[in-house]
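Trainee: Once you've had a glance at the structure underneath, I'll fire off some questions.
The values are calculated or read from the model by the stated rules, or taken from the named source; none is laboratory data. Please read these numbers as outputs of a predicted model, since none were measured by experiment. In this analysis, Cβ positions are derived from the backbone assuming ideal geometry, glycine residues included, and neighbour counts consider all displayed protein chains. The accessibility values were calculated without ligands, DNA or RNA, using every heavy atom of the protein model including side chains. Shrake-Rupley method; radii C 1.70, N 1.55, O 1.52, S 1.80 Å.
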Amino acid sequence: MLAYILRRLWQMLPTMAGVVLLVFILFNWVGGDPAYLLAGKMSDAAEIDNIRRQLGTDQPMHVQLWMFVRQILTFDFGNAWSTGEPVSRIIASRLGPSLTVLIPLTVLETATGIALALAVAFVRGSLTDRAVMIACTVGMSVSILVYIIAFQYGLAYKMGLFPVQGWGAGLGENLLRYAALPVLIGLAVSIAPTLRLYRSFVLDEVQQDYVRTARAKGLSERRIMWVHVLRNAAIPIITHVMANLPALLIGAFLLERFFGIPGIGREVILAVERSDFPVIKAITVYVAAATMLFNLLADLLYQAVDPRVQLA
């Protein structure tokens, strides 16, 4: 197992190098001269040259590339252009609020999706199955903005069940008070596509020979679905969950923006609006690294779920 992990980490290096090179090219060659962005419209040539020296953009390209690699290796991307705060401190402080929303949402979405998928697959082809699939199609057709506005207006503003927006200082307060409605909205938005996808995973397994063999042995349909089918359908479910985690971290920016949650997604939007390249570059690199690590974790979970899976 350790040899497999080390081999996979070694194989990630070329991919990570490609990501670093692509980000460097996009921001240094395509993104334009950052000195003009920082100096403003009322600047002179001397001020622009001074900013270039401070940023190191007056150096040759290979020197700038090495500076960027050194920033990644030391987790030090300098200071944000807009606020002057260290980028590493910004990401560290924004990660907690994002995870406070992301972790409960992922757990609830996965557990609810699996339970409903097994229940719907149990009555596959029935009127209930068709009604649920129609409801999922309708739910997927509604924009997340509609969910946010409707839930925020109805449950928070009118009924007063949740705060309209805000964020506290303690984990318990944030989890039970401020993050509850964003998690509920995220679950309402994601459950329809998740249920449809997990249902297809379950139905693929239901058609396999081992299910017919289990039925021939006299096992109950409930035991077949919850023990045998679920165990084999867990592999693509794990792939889906692990692949979606980095995307959820950034994709929750609408929830964070509407509810005033100081998370990573909201920080990305602010950085783009302010052309804050150090923050954008750091988050891009970290999300790429997180994606590769989650893929490795998914492979390790495969073997935990099904020991027949051989890691090579």
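Trainee: Please state the equivalent ellipsoid semi-axes for region 86-184: what are the square roots of 5 times the Cα gyration tensor eigenvalues, largest first, in whole Å? Spell out each step's value before the answer.
Mentor: On the way: eigenvalues 206, 65, 32 Å².
Semi-axes from the Cα gyration tensor: 32, 18, 13 Å.
Trainee: Let me ask you something else. State, to one decimal in nm², a quarter of the convex hull surface area for the C-alpha atoms of region 89-133, i.e. the direction-averaged projected area.
Mentor: On the way: hull surface 15.0 nm².
For region 89-133, the mean projected area of the Cα convex hull comes to 3.7 nm².
Trainee: Any idea what the alpha-carbon Rg over 2.2 N^0.38 Å comes to for region 1-147?
Mentor: 1.68
Trainee: Three principal axis extents, largest first, for the C-alpha atoms of the chain, in Å?
Mentor: 84, 57, 34
Trainee: For labels at S93 and V69 in the simple 7 Å Cα→Cβ model, what's the distance in nm?
Mentor: Here the answer is 3.2 nm between the modelled labels.
Trainee: When ligands, DNA and RNA are left out and all protein chains stay put, how many square angstrom of accessible area per residue does region 1-145 have with a 1.4 Å probe? Spell out each step's value before the answer.
Mentor: Numbers: 8730 Å² over 145 residues.
Counting only protein heavy atoms, the per-residue value for region 1-145 is 60 Å².
Trainee: Where Rh denotes the Kirkwood radius from the mean inverse Cα pair distance, what is Rg over Rh for region 213-264? Intermediate values should be presented prior to the final figure.
Mentor: Details: Rg = 19.1 Å, Rh = 14.0 Å.
Ratio value, two decimals: 1.36.
Trainee: Take every Cα pair under 8 Å in the chain that's 6+ residues apart, average their separations, divide by the length, and report that relative contact order as a whole percent.
Mentor: On the way: 274 pairs, mean separation 75.3, N = 312.
Normalised by residue count, the contact order of the chain is 24 percent.
Trainee: Amide H of N79: which non-local residues (sequence gap of 5 or more, or other chain) have their own amide H closer than 5 Å, using H built in the peptide plane?
Mentor: For N79, whose amide H was placed from the backbone, the distant partners under 5 Å are V87.
Trainee: How many percent of the accessible area of region 28-176 is carbon or sulfur, using a 1.4 Å probe?
Mentor: Details: 5930 of 8970 Å².
The value for region 28-176 is 66 percent carbon and sulfur by accessible area.
Trainee: Kyte-Doolittle cut-off -0.5, length cut-off 27 Å along the helix's own axis using Cα: show which whole DSSP H helices in the chain pass. Before the final figure, lay out the partial values.
Mentor: Working: long enough: 2-25 (35 Å, 1.55); 87-122 (50 Å, 1.48); 180-206 (36 Å, 1.24); 230-251 (30 Å, 1.25); 277-305 (41 Å, 1.49).
Counting only whole DSSP H runs, the qualifying helices are 2-25, 87-122, 180-206, 230-251, 277-305.
Trainee: Assuming R0 = 22 Å, can you tell me the calculated FRET efficiency for the pair A119 and D209, based on Cβ-Cβ distance, to the nearest 0.05? Walk me through the numbers before you get to the answer.
Mentor: Numbers: r = 24 Å, r/R0 = 1.08.
The value I calculate is 0.40.
Trainee: Just need the Rg to Rh number for region 125-280, please, alpha carbons only, Kirkwood Rh.
Mentor: Numbers: Rg = 20.3 Å, Rh = 18.6 Å.
Radius of gyration over Kirkwood radius for region 125-280 works out to 1.09.
Trainee: In deg cm²/dmol, rounded to 500, what helix-only [θ] at 222 nm does the chain give when every DSSP H run of at least 4 residues adds -39500 (n - 2.57) and the total is split over its residues? Provide the component values of the computation, followed by the final result.
Mentor: On the way: 13 runs with 218 residues, N = 312.
Computed mean residue ellipticity for the chain: -23500 deg cm²/dmol.
Trainee: Quick check: Cα centre of region 117-159 to Cα centre of region 72-110, how many Å?
Mentor: Their Cα centres are 31 Å away from one another.
Trainee: So what is the relative contact order of region 13-145, in percent, for Cα pairs below 8 Å that sit 6 or more residues apart? Please report the intermediate quantities before stating the final value.
Mentor: Numbers: 41 pairs, mean separation 13.8, N = 133.
The normalised contact order for region 13-145 reaches 10 percent.
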